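The values are calculated or read from the model by the stated rules, or taken from the named source; none is laboratory data. Source: prediction; values computed, not measured. Glycine gets a Cβ as well: all are built from the backbone with ideal geometry, and neighbour counts include every protein chain shown. Ligands, DNA and RNA are stripped out before the accessible areas are found, and what is left, the full protein with its side chains, is counted by its heavy atoms. Shrake-Rupley method; radii C 1.70, N 1.55, O 1.52, S 1.80 Å.
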Amino acid sequence: MKLKLAVLFGGKSTEHEISIISAIQAIGYMNRDKYDIIPVYMTKENDFYIGEDIDKIEEYTHIPELLKKSTKVVWIKDGNKVNLVRYPMKKFGNNVVNSVDIAFPIVHGTNVEDGVLTGYLQTLGLPVVGCDVLSSAVGMNKYVMKTVLKDNDISVLDCKCYTWTDYEDAEGLMNKIEGAFKYPVIVKPINLGSSIGISKAGNREELTEALELAFEFSRKILVEPAIVKLKEINCSVLGDYEEAEASECEEPINSDEILSFEDKYIGGSGAKGAKSGGAKTGGSKGMASLKRKIPADITDEQRSEVRKMAVDAFKCLGCSGVSRIDFMLDEETGKIYLNEINTIPGSLSFYLWEPLGKKYSQLLDDMINIAIKQDRENHKLVFSFETNVLEGVKLGGGSKGSKV
């Protein structure tokens, strides 16, 4: 019997469109002999839609028209089942459009990748592919992530975190930054991906612009020293807290000093494109289209160090499924630093596994199997127990009883 697999994408995020690309690309590689795939599109208002055309990339050039011919649904738990129910409901007839066995979020960015969506799905009792709430949240918050990794002896750059309140005195904030670091520095929102809001500042004038940009996207920002002679290295990890393995390493080739949103998703050409219903789609190919060297142009010793550090960080943060971990190599010192983790990476980093012989379809199967395994483990745990603590309780307020 096929598993009813709901693939969720979109959502209220600055990376909404990238999520659409990643998800529809993945759907095309999923084994339809094993899974009854239910594509679920989340609008930027976080409404859920399903329909025959939801997994067709070309339909997203006219989203209002797509929604008109699709069905808006809500998630309703009914005993041991989770149903997708038509909304608004019809007065007569069956409003259950489909049921779901397991959820596979392929979402990027704040409000979705940060554990919010996973937490919602888990309250319904659904097994969820990928990281749990805590690892998703920690992975999204760059400052908390660095703090945890540093405490576990994983190499990260020193950084400082600042807030909107600090920015009320912009001159004072810049004085603090200049007292903490020498130029150049990197300024980034604390919780965004896809290089959105990130810039490099080599002087006070550029720092002014960098702070203004970063604070447009987040109430908190991160400032850290920039590596002058930088080589970026990325590595993916598959597994869970018990067992995990590292992919091949890649070296992104960017057109500027910082790998931009355009570098990642618009420019370039390259690996296998997305599919929809078995047919290749046109347009952007997600992270697979980025210009890169695979394997990365690094020594065997550096490759081993990156791959080990990637697995160590993945386990340290309690991740699950597939993540991509980005590193910085200081070519002047030879020092390698972990930059950030992407708990749901663009294109699910399938292109980093193919050189090791793991096809995209197998990668997706592995991710789903890990989620099923964890769901079985969760069913062995006790989350509630019978108690008579409420018996005879009277709450305070007025003359109706005493305070507890």
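Side notes on the structure shown:
- Considering only the Cα atoms of the chain, their convex hull presents on average a projected area of 25.8 nm².
- Between the listed residues LEU5, PRO105, MET30, the Cα displaced farthest toward the positive end of the dipole of the range 1-120, a dipole computed from Cβ unit charges relative to the Cα centre, is found at LEU5.
- Cα-centred dipole magnitude for the chain, charges only on beta-carbon of K, R (+1) and D, E (-1), debye, nearest 20: 1680 debye
- Cα lying deepest toward the dipole's positive end in the chain, options VAL389, LEU338, LEU126, charges on Cβ: VAL389
- When peptides 1-9, 338-346, 167-175 are ranked by their average number of other Cβ atoms within 10 Å per residue, the highest-first order is 338-346, 1-9, 167-175.
- Selection from VAL148, ASN95, THR61 lying farthest towards where the dipole of the chain points positive, charges on Cβ: ASN95
- By the Cα gyration tensor, the range 1-146 has an equivalent ellipsoid whose semi-axes, rounded to whole angstrom, run 24, 19, 15 from largest to smallest.
- Principal-axis tilt of helix 360-378 within the chain, Cα atoms, nearest 10 degrees: 60 degrees
- Pairs exceeding 30 Å between alpha-carbon atoms, taken from LYS12/LYS231; LYS4/LYS44; LYS142/LYS335; LYS72/LYS291; LYS188/LYS291; LYS2/LYS142: LYS12/LYS231; LYS72/LYS291; LYS2/LYS142.
- With Cα atoms, 0 to 90° folded angle of helix 16-27 axis to the chain main axis: 70 degrees
- Length available on full extension from VAL74 to LYS44: 0.36 nm per residue minus the Cα-Cα distance, which gives 9.3 nm.
- Kirkwood Rh (inverse of mean 1/r, distinct Cα pairs), the range 297-393, angstrom: 16.7 Å
- Per residue, in Å², the accessible surface of the range 1-57 once ligands and nucleic acids are set aside, probe 1.4 Å: 37 Å²
- Each residue of the range 173-188 is assigned a 3J(HN,Hα), and the resulting list reads 5, 5, 4, 4, 5, 5, x, 8, 9, 8, 6, x, 10, 9, 10, 8 Hz, derived from the Karplus form 6.51 cos²θ - 1.76 cosθ + 1.60 (θ = phi - 60°), x at Gly and Pro.
- Rel. contact order, % - alpha carbon contacts under 8 angstrom, at least six apart, the chain: 17 percent
- Packing-based ranking, highest mean first, of 206-219, 97-110, 366-379 given that Cβ atoms within 10 Å are counted: 97-110, 206-219, 366-379
- Simple spin-label estimate for LEU230 and LYS359 gives 3.8 nm between the two label positions (7 Å along the Cα-to-Cβ direction from each Cα).
- Estimated 222 nm signal from helices in the chain, with DSSP H stretches of n ≥ 4 weighted -39500 (n - 2.57), rounded to 500: -8500 deg cm²/dmol
- Label zone (GLU178, point 7 Å along Cα-to-C-beta; backbone nitrogen cut-off 12 Å) within the range 207-234: 207-208.
- Extent along principal axes [Cα atoms of the range 78-219; Å; largest to smallest]: 66, 37, 23
- Segment LYS373-TYR87, length gained on full extension (0.36 nm per residue, minus Cα span): 99.7 nm
- Carbon/sulfur fraction of accessible area - the range 1-56, other protein chains in place, 1.4 Å, %: 47 percent
- Cα-based helix-to-principal-axis angle, 300-316 vs the chain, degrees rounded to 10: 40 degrees
- Note that the range 304-404 presents 55 Å² accessible area per residue, ligands and nucleic acids not counted, probe 1.4 Å.
- Between ILE294 and THR333, the contour length at 0.36 nm per residue exceeds the Cα-Cα span by 11.7 nm.
- Approximate shape of the range 1-42 as ellipsoid semi-axes (Cα gyration tensor, √5λ), whole Å, largest first: 22, 11, 4
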